[in-house]
Amino acid sequence: MKPFLILQLRPEAEASDDEYAAFLRKGGLDASDTRRIRLEREDIPADLNLDEYSGVIVGGGPGCVSDAPEDKSPEEARIEAEILALMPQITARDVPFMGCCYGIGVLAHHLGAPVNKSRYGEGVGTADCSVTEAGRNDPILAGLPARFEAFVGHKEAVQDLPQGAVHLLVAPTCPYQMIRYGQNVYATQFHPEADSDGIETRIRIYKHKGYFPPEQAQSLIDMCRAADVHAPEKILRNFVRHYATD
């Protein structure tokens, strides 16, 4: 099959490698089924041809779309610009896309919706997600329960549904947990690839990045290990199965 293009934004090798391994494991992919680009190391090629890929998956990262330019490192600003430059082509052509965590901010920002920390935004923990009426008919949510827990850890959030987008998943802490634009462009506020081991790795790596007081790291790890989070990984598996093409 055509490979899936996986774009990663995490500058820390351990976090990036763990996320990539989770994408493979939860998506039912082999490394040979993907092209991995770590954007802190290399740019998206100028001659990138999206027709050569089954779809695009964007991972999370410590940056925020809503941060002021002066608060972004040169690396964060460059990575953000790289992803945003790809979005017009993805949305105009309705290219299969799954944006995880940071990816929902990029998609919503590109579509002109407010992304910030004013009303919504979630600390590290779980979100109590419910499938909307539109979500019940979406193939990427096939087989998921009507209500399930998902791991979150995102300082900003989409504040209003982007114009033309479909609302698929909702939670009390942040309404826009999953959206779709067109027929094939998806994004989640939560981490569909994350399990308790992956969240523990990220808590340890990012405990000084402003997500939570560092002294709370162990209690957050304990809480996440006690959580029953299994349903979200089906989203990645469904995405891969639905869009895998020769």
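So the values come out like this:
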| item | result |
| --- | --- |
| Single match in ALA108, ALA134, ALA171, ALA157 (criterion: surrounded by 24 or more Cβ atoms within 10 Å (Cβ to Cβ), on the phi < 0 side of the Ramachandran plot and either free of Cβ contacts under 8 Å to residues at least 40 places away in the same chain or out of contact with any helix residue (DSSP H, G or I) (no Cβ under 9 Å at 6 or more places or on another chain) (or both)) | ALA108 |
| Qualifying residues in region 139-177 (those that are within 14 Å of GLU233 (Cβ to Cβ) and outside any loop (DSSP other than H, G, I, E, B)) - the one farthest from the chain's Cα centre (by Cα) | PHE148 |
| In region 198-231, the residues that are touching a residue at least 24 places away in the same chain (Cβ under 8 Å) and closer than 18 Å to TYR20 by Cβ | GLY198, ILE199, GLU200, THR201, ARG202, ILE205, TYR206 |
| Residues located in region 83-119, provided they are aliphatic (A, V, I, L, M) and part of a helix (DSSP H, G or I) | ILE83, LEU84, ALA85, LEU86, MET87, ILE90, ALA92, ILE104, VAL106, LEU107, ALA108 |
| Filter pass, GLU149 being in contact with a strand residue (DSSP E or B) (Cβ under 9 Å, 6 or more places away or on another chain), among the acidic types (Asp, Glu), crowded, with 16+ Cβ neighbours inside 10 Å and farther than 21 Å from ASN184 by Cα | yes |
| Answer residue from region 33-77, given it is of a type in the set (Lys, Arg) and either part of a loop (DSSP other than H, G, I, E, B) or in contact with a Leu (Cβ under 8 Å, 6 or more places away or on another chain) (or both) and is farthest from PRO11 (Cα to Cα) among those | ARG35 |
| Residue selected from region 224-246 under the condition assigned to a helix (DSSP H, G or I), surrounded by 13 or more Cβ atoms within 10 Å (Cβ to Cβ) and among the hydrophobic types (A, V, I, L, M, F, W, C), by the criterion farthest from the chain's Cα centre (by Cα) | CYS224 |
| Those residues of region 157-212 which are among the hydroxyl-bearing types (Ser, Thr, Tyr) and under 16 Å from GLY123 (Cβ atoms), in sequence order | THR173, TYR206, TYR211 |
| Flag for GLY121 being of a type outside the set (Phe, Trp, Tyr), under 17 Å from the mean Cα position of the chain (by Cα), under 25 Å from GLU200 (Cα atoms) and surrounded by fewer than 22 Cβ atoms within 10 Å (Cβ to Cβ) | yes |
| Condition met for SER118 (farther than 15 Å from THR188 by Cβ, free of Cβ contacts under 8 Å to residues at least 40 places away in the same chain and of a type in the set (S, T, N, Q)) | no |
| Which listed residue is under 25 Å from LEU29 (Cα atoms) and either basic (Lys, Arg) or not in a loop (DSSP other than H, G, I, E, B) (or both), from ARG202, ARG136 | ARG202 |
| Candidates VAL56, VAL95 - the one that is in contact with a Pro (Cβ under 8 Å, 6 or more places away or on another chain) and modelled with pLDDT of 95 or more | VAL56 |
| Conditions (1) out of contact with any strand residue (DSSP E or B) (no Cβ under 8 Å at 6 or more places or on another chain); (2) more than 23 Å from HIS191 (Cα to Cα); (3) not β-branched (Val, Ile, Thr); number of the one not met by ALA81 | (2) |
| Residue check for PHE212: within 24 Å of LYS72 (Cα to Cα) and of a type in the set (Phe, Trp, Tyr) | yes |
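Yes/no per residue for (1) of a type in the set (D, E, K, R); (2) exposed (fewer than 15 other Cβ atoms within 10 Å of the Cβ); (3) at pLDDT 90 or above; (4) under 26 Å from ASN116 (Cβ atoms):
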site	(1), (2), (3), (4)
GLU193	yes, no, yes, yes
GLU215	yes, yes, yes, no
GLN218	no, yes, yes, no
ASP222	yes, yes, yes, no
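The values are calculated or read from the model by the stated rules, or taken from the named source; none is laboratory data. Quick caveat: nothing in here was measured; it's all calculated off a predicted structure. Backbone-built Cβ (ideal geometry, glycine too); neighbour counts: all protein chains shown.
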